[in-house]
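Heads up, the thing below is written out as structure tokens.
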Amino acid sequence: DAPTLPISPAGRSDLTHHLHPYTQLRQLEREGPLVIVRGDGVNVFDEHGNGYIEGMAGLWCASLGFSEKRLADAAYRQMTTLPYYHSFSGKVPGPVAALVDKLIEWAPVPMGRVLFANSGSEANDTAFKLVRYYNNARGRPLKKKIIARNKGYHGVTMAAASLSGLPMMHQHFDLPLPDVVRVSCPHFYQFGLPGETEAQFVDRLAQELEDTIQREGPETVAAFIAEPVQGAGGVVVPPAGYFAKVQAILKKHDILLIADEVITGFGRLGQPFGTQVFDLKPDMITVAKMLTSAYVPMSALYVSDQIYQAVADASAAVGVFGHGYTYSGHPLACAVALETLRIYEDDRIVDHVREVAPRLQDGLRKFASHPLVGQARGLGLIGALELAADPAQRKPFEPARGVGAYFVRRAQAHGLIVRVLGGDIIAFSPPLVITEAEIDAMLARTELALADTW
Ligand code: PLP
């Protein structure tokens, strides 16, 4: 039941020469790509003129939709003033200053410094490296392991993919790297045991974390990395009390917390960061995506002053802090990021998310009684429908049936782009500027696609 759009010359070139990321490659060869050529508000349009509500804001990122002129103007001004400069050897492009000030102002907990990169993967890769640098600097060369969770998603570079807990990211790549230790995913719906309460589930996961640290040796465990709400792993909102228990254990063993806020940073959950929602005390925070509304690539790693001071001391002995990207703090990205944050402030975007989120969350939960839906969940402007063969028993469909993928194709035919995650989980993460009327339209198209799938 693939969409029967003709394959255009652009699609043909794509099929011939483009190695698509995160795609079923053989299926793509049969069906051809959806070529998107234009955006307007929360909508995108394909080359044939068909419009779609972008229910995922692209990849959880185009927070201001697809036609924010202020960002285009900011980019143009910067491109015609200073299109490129770098931050190596004590130089810095002018626009970095205002952006770092603004980012420190937005920081959900006191942070010392900001290091720039170009993608969420690079930011997490940098965090991985800095954990090592920091503990070497403090004379604790054994304390290097990072605990990461099943179904976590932290990106695709060697280190970030190693931290991620999705099997397809490791198979055939000979990953994960050493020094990554895995613990359970806090998805009660899937992993709660029969008869177990949510509180008992949280206790069991906390005990598992404690046991894991004891098994590895607390002197070898350096950090714990977590998305406040797991995104690509299935939109997993942690159960009440989960992070409080986790953080108490980390504190006891002097283990750093890295908050991966690549999806949750800048308002998606109805607070500026997930850190505020779950009362986290991170030592490092990674951000990307909505930092620039995804109009240009940019990511950043916040580090605490304590980490910065240790790194600065240690690098003094080497001479130079040996890390950085050609495009760290790229002026174009800085200008667009700064303008993005100003728009968030001017338009009170985080308040807007809080105001419209109930429309999405209530709407999704109305589908919970649909015979295809095992669970409807979410927080703020992120949500999911987890499809199930037998909702009462929380029994998933056989993966080979591709029920979630079928739903996504039907949604697309009805003018809605959403994404299927492993386990037939349909994810929703629209632009933050979405209105209640647009949320209603998104839900109406969801209902049509559910009916088609049923
Ligand atoms: N961290 C999280 C939580 C993400 O969702 C993603 C991407 O989806 C990344 C990291 C990786 O970001 P990028 O794709 O920009 O490398």
Practice task
Provide MET284, MET111, MET168 in ascending order of the number of other Cβ atoms located within 10 Å of each residue's Cβ, fewest first.
Solution key: MET168, MET111, MET284
Exercise for the section: Filter the chymotrypsin sites (Phe, Trp or Tyr not before Pro) in the range 6-68 down to the DSSP loop ones having no more than 12 other Cβ atoms within 10 Å, then list what survives. Expected result: TYR22
Handout entry: Environment charge of GLN247, counting only residues whose C-beta is closer than 12 Å and scoring Lys/Arg +1, Asp/Glu -1
Key = +2
Exercise for the section: May I ask you to compute the full-extension gain from THR326 to TYR85, defined as 0.36 nm times their residue separation minus their alpha-carbon distance, rounded to one decimal in nm? Expected result: 85.9 nm
Problem - Residue (of GLN276, PRO194, ALA300) at the positive-pole extreme of the range 72-346, dipole from beta-carbon charges - result: ALA300
Handout entry: Per-residue [θ]222 nm for the chain (sum of -39500 (n - 2.57) over DSSP H runs n ≥ 4, rounded to 500)
Key = -12000 deg cm²/dmol
Exercise for the section: With only Lys, Arg, Asp and Glu charged, each at its Cβ (+1 for the first two, -1 for the last two), find how big the charge dipole of the chain is about the Cα centre; round to the nearest 20 debye. Expected result: 700
Problem - For TYR327, TYR344, TYR189, order by how many other beta-carbon atoms lie within 10 Å, fewest first - result: TYR189, TYR327, TYR344
Fill in the blank from the handout: For the chain the translational diffusion coefficient, Stokes-Einstein from a Kirkwood Rh over Cα pairs at 37 °C and viscosity 0.692 mPa s, in µm²/s, is roughly 143
Exercise for the section: Please work out the FRET efficiency for the pair ARG77 and THR23, using the Cβ-Cβ distance as r and a Förster radius of 51 Å; give the result to the nearest 0.05. Expected result: 0.90
Handout entry: Hull-based mean projected area of the range 298-454, where the convex hull spans the alpha carbons, in square nanometres
Key = 13.9
Exercise for the section: Be a star and scan the range 416-437 for residues whose amide nitrogen sits under 16 Å from the point 7 Å along the Cα-to-Cβ vector of ASP452. Expected result: 416-420, 426-427
Fill in the blank from the handout: The exposure ranking of TYR325, TYR85, TYR302, fewest beta-carbon neighbours within 10 Å first, is TYR85, TYR325, TYR302
Exercise for the section: For the range 72-346, give the share of DSSP beta bridges that are antiparallel, in percent and rounded to the nearest 5; count only bridges with both residues there. Expected result: 40
Practice task
Largest first and in whole Å, give the semi-axes of the range 96-199's equivalent ellipsoid, each being the square root of 5 times a Cα gyration tensor eigenvalue.
Solution key: 28, 20, 16
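Laboratory data are not the source of any read-out in this text; all were calculated from the coordinates shown. Note that the structure is a prediction, hence the values are computed from the model and not measured. In this analysis, Cβ positions are derived from the backbone assuming ideal geometry, glycine residues included, and neighbour counts consider all displayed protein chains.
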